[in-house]
1. Please enumerate the residues belonging to the range 220-238 that are touching a residue at least 12 places away in the same chain (Cβ under 8 Å) and of a type in the set (Ser, Thr, Tyr).
2. What is the one condition in (1) surrounded by 11 or more Cβ atoms within 10 Å (Cβ to Cβ); (2) of a type in the set (D, E, K, R); (3) out of contact with any His (no Cβ under 7 Å at 6 or more places or on another chain) that Glu191 does not satisfy?
3. Here are some residues: Lys217, Lys203, Lys240. Which one is closer than 28 Å to Gln190 by Cα, among the basic types (Lys, Arg) and either within 21 Å of the chain's Cα centre (by Cα) or assigned to a loop (DSSP other than H, G, I, E, B) (or both)?
4. Would you check if Ile53 is under 22 Å from Pro212 (Cβ atoms), within 13 Å of the chain's Cα centre (by Cα) and assigned to a strand (DSSP E or B)?
5. Can you find even one residue in the range 81-95 that is touching a strand residue (DSSP E or B) at 6+ places or on another chain (Cβ under 6 Å), surrounded by fewer than 17 Cβ atoms within 10 Å (Cβ to Cβ) and charged (D, E, K, R)?
6. Take Pro42 and tell me if it is within 23 Å of Val149 (Cα to Cα), touching a strand residue (DSSP E or B) at 6+ places or on another chain (Cβ under 7 Å), at pLDDT 95 or above and not basic (Lys, Arg).
7. So which residues in the range 99-125 are buried (at least 21 other Cβ atoms within 10 Å of the Cβ) and among the aliphatic types (A, V, I, L, M), if there are any at all?
Amino acid sequence: MSINGKWKFEDLTWPEVNEAAEKGLIPVLPVGTIEQHGPHLPIKMDRWTATEISKEACKRNQERLLFMPPISYGYTTHVMDFPGSITIHHETFIRYVLDVLKSVAYHGFKKIIVINGHGSNMPPLDLACRRANIETTAEVSLAAWWGLVTVDPDFMPKWRESIFPGGCAHSGEAETSLGLHLDETIIKMQEAKTEMGTGEGSKYTWVDLFAPGPINKTTWTSTYTNSGICGEADKATKSKGQMIFEEAVSNLIEWGDEFYNTPKAERVDHHSIKPDFNTPG
């Protein structure tokens, strides 16, 4: 169901955008940021991972998915002690993402998928997607790429060797493995090492992509890591990265099919006295 062989939103003409919306294609919007990822990974990691996973899923499932140009910058203020990090104020970021989602919905698309690559984007992205769901007629679903590899509880033991939790917090085993899979020529594995970072030794404040601690204490990144690594980067391999990539892509494709085939639930107003002004907020 690609449009004249095109599966990228930016390659369409405006009449083809109409056709894509009429066919019910689901735009997939990758969102990342530009921030430090230790001395061994490029600063593009969060934009890179979200984009490549989204792109591959759209390429493989052109019957359902339409690849959107990525949003490259996000909310990264806490990482600004490390050179190269670029941050967007959280209110600006929410508004920007919301405007993109509303624009897509305005053109007739009824379902949209947002794929995130940066942990601290999740709170503002959640708000942006919630607002789009309430303020438009479209349905927006949000996932981080690492969430896509937790669908099968038996998957993580197949690749993970780092300590759990903590070994895959930031620039650790998972992200470094993905980087090796995507382009090992730019990954400096000689600089990869273990630095556990947040919550080491605490049963409350540990951080991991796959299991955040029960207490959140997000603060300046430089207060808990000298290298920018939080996890066991030295346990990463290219083969692990390929496994993680394939799992994320296949689950995104599967979700796209399920999302496509799931009717939108109808809103029900339970007031006995009907509101006579718009919903607050």
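1. Thr221, Ser222, Tyr224, Thr225, Ser227, Thr237 - these are the residues of the range 220-238 that are touching a residue at least 12 places away in the same chain (Cβ under 8 Å) and of a type in the set (Ser, Thr, Tyr).
2. (3)
3. Lys240
4. no
5. The answer is no; no qualifying residue exists.
6. no
7. Within the range 99-125, Leu101, Val104, Ala105, Ile112, Ile113, Val114, Ile115, Leu125 meet the criteria.
Residues are listed down the side, and each one gets a yes or a no for (1) out of contact with any Phe, Trp or Tyr (no Cβ under 8 Å at 6 or more places or on another chain); (2) among the aromatic types (Phe, Trp, Tyr); (3) surrounded by fewer than 24 Cβ atoms within 10 Å (Cβ to Cβ):
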{"position": "Ile3", "(1), (2), (3)": "yes, no, yes"}
{"position": "Lys6", "(1), (2), (3)": "yes, no, yes"}
{"position": "Gly24", "(1), (2), (3)": "no, no, yes"}
{"position": "Gln36", "(1), (2), (3)": "no, no, no"}
{"position": "Pro42", "(1), (2), (3)": "no, no, yes"}
{"position": "Cys58", "(1), (2), (3)": "no, no, no"}
{"position": "Ser72", "(1), (2), (3)": "yes, no, yes"}
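The values are calculated or read from the model by the stated rules, or taken from the named source; none is laboratory data. Because the structure is predicted, anything quoted here is derived from the model rather than measured. Here the Cβ is made from the backbone with ideal geometry for all residues, glycine too, and neighbour counts use every protein chain on show.
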